[in-house]
Amino acid sequence: MTLRLLPGAALFTAVTLTVSAQVPAPANPDALITAAKRAAGTDYAGTFLRICVAPDNLNAGGARGGGPGPRAVPDRATWYAKPYKVFDNLYFIGTRIHSAWALTTNAGIIVIDTLFDYAIEPEMIEGMKTLGLDPREIKYVLISHAHGDHDQGAALLQSRYGAKIVMGAADWDATLQRAASVPGGVPKRDVAVGPEGLKLTLGDTNVDVIATPGHTPGTLSYFFPVKDAGRTLTVAYSGGTAFNFPRQAANFAIYRDSQRKMREVAEAAGATVLMSNHTEFDRAYDRARIAQLPRATGEKHPYETDTATVLRYFEMAGNCAEAQRLLVQ
Ligand SMILES: [Zn+2]
């Protein structure tokens, strides 16, 4: 008798779970922030702090690229980082604070983000040479968004090496309005990516460029393959993070929708690596160095997680944006 009752009990449990899963997510800021905190876990605690606990919409002056005239160069000891080979085909050429990467293919190099002007020669150019890469092989430069901490190297890589600059169409519009005297100079308009995104192919490597407006109107994010001792992993590269844009509900809605889009593509692509363009958001500076250490058999690359962990990043960011959208309405 007892055994016969079990299937019914199991069915009842299943029905209960299905019903509870259909309850819509509570749409109030506190519940969204709690959900974001749970999604962040310990993997994205710093990012959660920056965009959910203490979102800062106005403190972006230092990062914007449009300011005129020369700037004071910070003490090198505060930002210089050695370059590192991190995956078989991906090299860290960033600072302690900002990431720049060289993605190698069998038909040249794709550079992803380009740092402040003072870091371009010591980190990117010298860094590539130290790692045995020839900057003349740079074919494309992907700019995640037009703020000075990521785009001031674009004009130099374009004029010196003939690299094609890929940027969101809206961020090209902002870039081309800058004075010629801005740090790093102004690149000429090259590849402009609209809302439909872009499939970029160089030799054997495809980069899926996704339009993710929010941080700036033309922010781009990427999916691309990296190889870890010959094994291919898919990277989801989030191109803009902080809420330092005008604090309006419509802007948070745009940001939220971009995170939802990234979550969908990341799930479909089976991404297991989450990268950002600030080392505080993906621990690039630490992971690049940890990647140099020998690994035990079966031990994962320091950047490799699993798809569920990657998806939690975009759930967190989307929930944080939605919480702020409700708060400013
Ligand atoms: Zn920015």
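Laboratory data are not the source of any read-out in this text; all were calculated from the coordinates shown. Everything numeric in this text was worked out from a predicted model, so none of it was measured.
Per-structure values
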read-out	value
Whole-Hz couplings from phi, Karplus 6.51/-1.76/1.60, listed for segment 235-242; x for Gly and Pro	9, 9, 10, 8, x, x, 10, 5
³J(HN,Hα), Karplus 6.51/-1.76/1.60, whole Hz, each residue of segment 269-284, x for Gly, Pro	7, x, 5, 10, 10, 10, 10, 9, 9, 10, 5, 5, 8, 10, 6, 4
Descending Cα extents along the principal axes, segment 150-227, whole Å	39, 30, 18
Normalised per residue, the volume of the convex hull around the Cα set of segment 76-218 (Å³)	103 Å³
Candidate aspartates and glutamates for bridging to K261, where Cα separation is under 17 Å - those fewer than 8 sequence places away on the same chain excluded	E196, D208, E315, E322
Tilt relative to the chain, helix 29-40 - C-alpha long axis, 0 to 90 degrees, to 10	70 degrees
Segment 195-238 and segment 125-174: distance between their alpha carbon centers, rounded to Å	15 Å
Other-chain or far-sequence residues with amide H under 5 Å of I138's (modelled H)	I109
HN-Hα J in Hz across segment 79-94 - Karplus 6.51, -1.76, 1.60, θ = phi - 60°, x for Gly and Pro	10, 5, 10, 5, x, 9, 7, 10, 10, 4, 10, 9, 10, 7, 10, x
Set of aspartates and glutamates near K188 by C-alpha distance (under 19 Å), chain-local residues within fewer than 8 positions excluded	D113, D117, D149, D151, D171, D173
P(r) of the chain over all Cα-Cα pairs, binned every 10 Å from zero, in whole percent	6, 25, 33, 22, 8, 3, 2, 1, 0
Residue-averaged [θ]222 nm for the chain, counting only DSSP H segments that reach four residues, each worth -39500 (n - 2.57)	-10500 deg cm²/dmol
